[in-house]
Each structure stands twice: as structure tokens, then as C-alpha cells.
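Colleague: After the C-alpha cells below, expect a handful of questions from me.
Just so you know, all these numbers are worked out from the coordinates, no wet-lab data involved. Given the structure is predicted, the values throughout are model-derived calculations rather than measurements. When we count neighbours, we look across all protein chains shown, and the Cβ atoms used for this are built from the backbone with ideal geometry, even at glycine.
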There are 2 protein chains.
Amino acid sequence: MNLLLLSEEDFTGANCVQLQGRRFKHVAEVHRASVGDLLSVGLLNGPLGKGRVTTLTSGSITLELHLDQLPPAPLPVTLVLALPRPKVLKRVLIAASSMGVKKIFLINSFRVEKSFWKSPLLGREQMDEFLTLGLEQAKDTVMPEVHLRPLFKPFAEDELPAVIKDTLALVAHPAAEERCPRGLTQPATLAIGPEGGFIPYEIEKLAFIGFRPVSLGQRTLRVETVVPALLSKLF
Amino acid sequence: MNLLLLSEEDFTGANCVQLQGRRFKHVAEVHRASVGDLLSVGLLNGPLGKGRVTTLTSGSITLELHLDQLPPAPLPVTLVLALPRPKVLKRVLIAASSMGVKKIFLINSFRVEKSFWKSPLLGREQMDEFLTLGLEQAKDTVMPEVHLRPLFKPFAEDELPAVIKDTLALVAHPAAEERCPRGLTQPATLAIGPEGGFIPYEIEKLAFIGFRPVSLGQRTLRVETVVPALLSKLF
């Protein structure tokens with residue numbers, strides 16, 4: 001936790017917050033903060049700055065805020081990701097959030113196991129917890145949007161053309177002949193398939209609406225490895 | 001498991017192997033292979049090719065091999081990594097192995113918790129298991145070397161200068177002004193610190209022997225995210 005992320009409910013005055021629970025525990029046990037210490041803080045979807053510890057009890061901490069910085073620039077990318085297995089989803093959401101992705105579609109694909117769509121990790125609160133871990137890691141405050149699209153065809157046909165408008169649309173496909181481009185200067189939409197990859201019908205569908213299949217080379221990587229690798233290659 | 005990795009002990013004849021245990025289970029339950037099927041196989045530190053299923057019992061499988069391909073090219077990089085916490089180490093070893101890293105030094109640093117060095121995951125067999133998972137993922141056969149260096153100073157002073165000879169030596173450092181270069185055409189040595197980063201003394205030591213501090217930008221990332229992100233940026 002490199003940043004304490006604050007929400008409106010934490011405020012007890014114009015520039016004053018009181019924290020309990022997980023954030024208090026972290027400040028008390030990891031930072032071992034004392035009265036007077038300055039901590040990195042940020043307001044959810046707002047500015048960042050410092051919080052000075054004004055009181056510290058056995059169960060809560062009070063901070064006086066000075067918020068004067070903008071959050072770091074987002075990555076200009078929309079991630080379209082075949083729903084991974086739950087424990088991988090968690091890691092991918094944390095990584096994508098920490099790298100600055102602000103819009104994620106979790107979509108179905110032939111090789112996504114049906115049971116993945118029933119995972120409790122897809123609940124809004126649970127996903128926000130993972131996304132928050134990524135923001136705290138990267139000292140960012142802007143919560144990413146995550147959209148669930150459990151039907152591939154209507155999403156690809158009716159919604160995806162508008163998503164990729166004015167972006168470079170790429171689909172990661174180990175069999176593609178074109179190598180993934182580097183150092184983009186334009187916004188991108190990046191589609192990543194499930195373990196085993198998108199099936200030919202899905203690749204064709206994506207290519208038809210404007211996605212270019214690209215590869216990272218001969219090696220097929222795990223989803224949790226390929227997401228940071230591709231984002232870092234592109235930007 | 002995109003590849004069955006074979007070792008000398010599996011051979012029952014010149015071109016014939018018999019598998020039990022984990023690999024048999026995977027072939028039977030995930031591939032659901034039948035006699036006559038062709039599976040991707042590779043000989044540890046040797047060539048790759050296909051194995052045709054010749055017999056299948058309730059506890060073992062026999063394959064006839066045809067090995068005629070070279071393993072994919074390695075990444076020309078030596079990874080010098082402050083020992084991460086055990087569960088992160090596991091993920092980093094799998095990711096680095098799948099991306100083609102062949103030489104890894106796990107080193108001490110001021111912010112590495114002493115207890116990490118006592119983890120059973122640092123045993124040779126346990127680490128080889130993680131490295132094997134990465135090779136199987138990427139259809140590679142060449143086992144990476146992992147070296148443990150629990151003392152920072154003697155490693156940095158006595159051994160590291162020879163390691164970085166004729167390579168571009170970079171140390172990931174969030175505070176660095178220089179951005180991480182892209183698309184290297186020369187071999188590299190990449191040093192990555194612990195959560196919280198190398199301390200100034202360590203950065204100075206590394207810079208003194210020839211490492212250039214570079215950053216991925218304003219965002220500090222987790223070790224398991226920064227390893228694939230940096231490797232992908234560099235190559």
C-alpha cells in the first residue's frame with residue numbers, strides 16, 4: 001500500500017479524515033506511523049497529496065489532508081479480456097489497475113469455462129477490492145471500469161465496433177504473423193484470449209470488425225504474464 | 001502444459017518414453033489422449049517434436065518420439081532479482097522461465113526480509129518445478145540456472161562485474177530520470193529490487209560497477225508485474 005485511498009465517507013471535516021479497519025491496520029502495523037508523520041494519500045477519483053497524522057488511537061487514525069497533485073496519466077487502452085479463471089482474474093485486475101488501465105471488458109469466449117462466470121470474485125465489491133490494490137500500489141486514484149459481457153457474439157457485433165472507434169485495435173494471437181507493435185502514440189484496444197487462445201471463429205469475427213492479430217513471438221505466455229508484457233510493449 | 005518435458009530417465013528405448021504421475025495425469029485428463037494421438041514433447045535441454053501415443057494404461061502412457069525442432073531462442077538477459085516473498089518468487093520464476101530468461105541471480109538487499117531466505121521454495125527441486133512450469137507453458141526445453149546470493153556486498157563487488165561484462169546493465173529504479181530503453185539489440189543484465197526498492201547505498205554500488213538506473217514511469221509496480229513488463233519492453 002503505497003497510497004492510502006480515501007473516499008467521501010472517510011471525511012469528518014473539510015480537510016480531515018478518520019480511518020479504521022484495513023487502512024488503519026496498515027498504517028499502524030506496516031508504516032508504524034506516529035502523530036505528525038506525513039503519509040501519501042489520495043481521494044478516490046480525485047487529487048493526491050499528503051496526510052499528516054493528527055491523532056492515533058488503538059483502532060483509528062485521523063489525518064489532516066493537503067491534496068495538491070493530479071493522479072498519474074492513465075494508459076490510453078481498453079482491455080478486452082476473455083474471462084480468466086478466478087485466481088488469475090484477481091492478479092490480472094491488480095496488475096492492469098496498477099499499470100493504469102481504466103476500462104476493461106471481461107468477455108466470453110469458446111474456451112472460457114462456464115463455471116468462471118459464477119465466481120463470487122466477479123461481484124462489484126470484490127472486483128473493486130482488487131482494482132483498489134492496484135491503485136494503492138501505483139499511487140493512482142482513478143478507479144477503472146470493469147464491464148462483464150458473458151455473450152461473445154452480441155458484444156462483438158453490437159458493442160465492440162464503437163469501443164474500438166479511433167483506436168488501434170489489436171488481438172493477441174500466438175499464431176499471428178505480425179509482431180506486436182511498440183511505443184504506440186495513439187489509443188489502443190487490446191483483446192486477449194483465454195488459455196488456449198481464441199478459436200478461429202472468434203479471431204475472424206474480431207478481424208472482421210477491425211482487430212489486427214499480433215503476436216509476442218514463438219512463446220505462448222500465461223494470461224497474467226501476457227497482460228503486463230503486452231501493455232509494456234505497446235506504451 | 002503445452003509441452004511434455006521429458007528427461008533421460010523417461011526413456012525405455014531409443015525413441016520411446018513411458019510417463020507416469022503428473023504428466024500422465026495431464027495427458028489422460030486434460031488432453032484426453034488416445035492411442036495414435038500426437039502430443040507436443042521436448043527433451044530437457046534438447047530438441048522438441050511430437051510423441052505418438054503407442055500404449056495407454058490406467059497409470060501410464062508410452063510415446064514414440066520424433067524430435068526434430070530446436071527450442072525457441074532464449075532472451076539474452078541475466079536477471080538479478082532481490083529475493084521476493086515466497087509466493088511471489090513462484091510466480092516470477094514461472095513468468096521469467098516462460099519468457100525465455102536462462103540465468104537468474106536471487107540476491108539479498110536491505111529490504112529483503114530475512115525469513116525469505118529460509119523458505120522451502122528455495123530448494124533446488126522446488127525451484128526446478130516452477131521453472132519447468134514456465135518451460136512447459138512456452139514450449140521450451142532449456143532449464144534456466146538460478147543462483148542464490150544471500151550476501152549483497154560480496155556479490156556486487158566480486159561477482160557482478162563479470163556477470164555484466166559485455167551487456168547493457170540496467171537497474172529498475174522508480175526514481176530514475178532515464179526511461180527504460182526499448183527493443184535492445186544487445187544482451188542485457190537487469191537488476192530489480194525488492195518491494196520498496198533498493199536502498200540508496202545499493203543503487204550507488206550498482207551504479208558504480210556500471211548499472212544505469214532506469215524507470216518505467218511514475219507508477220511503482222509489483223515485482224510480479226514489473227518482471228514481464230521490463231522484459232517485454234527491453235526485447
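Colleague: Rg (Å, one decimal) plus Dmax (Å, integer) for the alpha carbons of the range B:160-211?
Modeller: Here Rg and the maximum Cα pair distance are 11.1, 30 Å.
Colleague: If R0 is 56 Å, what FRET efficiency do you get for B:L44 and A:D37 from their C-beta distance, rounded to 0.05? Let's see the in-between values first.
Modeller: Numbers: r = 53 Å, r/R0 = 0.95.
Efficiency for this residue pair is about 0.60.
Colleague: Also, I was wondering about something else. What Kirkwood hydrodynamic radius, in Å, does the range A:4-69 give when the mean of 1/r is taken over all pairs of distinct Cα atoms and then inverted?
Modeller: Values: mean 1/r = 0.0868 Å⁻¹.
Kirkwood radius, the range A:4-69: 11.5 Å.
Colleague: Okay, moving on. Fewest to most neighbouring Cβ within 10 Å: what's the order for B:L38, B:L56, A:L65, B:L63? It would help to have the intermediate numbers written out before the result.
Modeller: Values: B:L38 14, B:L56 18, A:L65 22, B:L63 27.
The order, fewest Cβ neighbours first, is B:L38, B:L56, A:L65, B:L63.
Colleague: From the label point of B:Q69, set 7 Å from Cα along Cα→Cβ, how far away are the matching label points in the other copies, in nm, ordered shortest to longest?
Modeller: 4.7
Colleague: Given +1 on the Cβ of Lys and Arg, -1 on the Cβ of Asp and Glu, and no further charges, what dipole in debye does the range A:138-186 carry about its Cα centre, rounded to the nearest 20?
Modeller: Values: 6 positive and 8 negative charges, 38 e Å.
Dipole of the range A:138-186, to the nearest 20 debye: 180 debye.
Colleague: Same structure again: Quick one: work out the % antiparallel among DSSP beta bridges in the protein assembly as shown, nearest 5.
Modeller: That works out to approximately 40 percent antiparallel.
Colleague: In what order do A:I199, A:I164 fall by count of nearby beta-carbon atoms within 10 Å, going from fewest to most?
Modeller: Details: A:I199 15, A:I164 20.
By the 10 Å Cβ count, ascending, the order reads A:I199, A:I164.
Colleague: In whole Å, how far is the Cα centre of the range B:6-66 from that of the range B:162-234?
Modeller: What the calculation gives is 41 Å, centre to centre.
Colleague: For chain A, which DSSP H helices look membrane-span-like by this rule: Cα extent along the axis of 24 Å or more and mean Kyte-Doolittle of at least -1.0? Present the calculation step by step, with values, prior to reporting the outcome.
Modeller: Numbers: long enough: none.
In chain A, no H run is both long and hydrophobic enough.
Colleague: Fewest Cβ neighbours within 10 Å first, please rank A:V101, B:V17 accordingly.
Modeller: Listing A:V101, B:V17 from fewest to most nearby Cβ atoms yields B:V17, A:V101.
Colleague: With both partners inside chain A, how many of the DSSP beta bridges are antiparallel, as a percent to the nearest 5?
Modeller: On the way: 19 of 46 bridges.
Bridges in chain A are about 40 percent antiparallel.
Colleague: Roughly what would the spin-label model give for A:K118 and A:E195, points 7 Å off Cα along C-beta, in nm?
Modeller: In this crude label model, A:K118 to A:E195 measures out at 1.9 nm.
Colleague: How about B:K50: which lysines have a C-alpha closer than 25 Å to its C-alpha, ignoring those fewer than 8 places off in the same chain?
Modeller: B:K25, B:K102, B:K139
Colleague: For label points placed 7 Å from Cα toward Cβ, what is the shortest-first list of nm distances from B:P86 to its copies?
Modeller: Copy-to-copy label distances at B:P86, shortest first: 2.4 nm.
Colleague: Roughly speaking, what is the stretch gain from A:D68 to A:F208, that is 0.36 nm per residue apart minus the C-alpha to C-alpha distance, in nm to one decimal?
Modeller: Details: separation 140, 0.36 × 140 = 50.40 nm, distance 4.61 nm.
Working it through step by step, the gained length comes to 45.8 nm.
Colleague: Determine the gain in length on full extension of the stretch B:C16-B:E177; use 0.36 nm per residue of separation and subtract their C-alpha separation, reporting nm with one decimal.
Modeller: On the way: separation 161, 0.36 × 161 = 57.96 nm, distance 5.60 nm.
Between B:C16 and B:E177, full extension yields 52.4 nm more.
Colleague: Report the far tail of the P(r) of chain B, meaning the percent of Cα-Cα pairs longer than 23 Å.
Modeller: Values: 14550 of 27495 pairs.
Value for chain B: 53 percent of Cα pairs lie more than 23 Å apart.
Colleague: Same structure again: Using a/c under 1.5 as the rounded threshold, could you call the range A:1-138 rounded, prolate or oblate? The axes a ≥ b ≥ c are square roots of the C-alpha gyration tensor eigenvalues, and prolate needs a/b larger than b/c, oblate otherwise. All intermediate terms of the calculation are to be shown ahead of the outcome.
Modeller: Details: a/c = 2.93, a/b = 2.02, b/c = 1.45.
Taking the square roots of the gyration eigenvalues as a ≥ b ≥ c, the range A:1-138 is prolate.
Colleague: Evaluate the distance, in nm, between pseudo-label points positioned 7 Å from the Cα of B:R111 and of A:R85 along their respective Cα→Cβ axes.
Modeller: So the two model labels end up 3.2 nm from each other.
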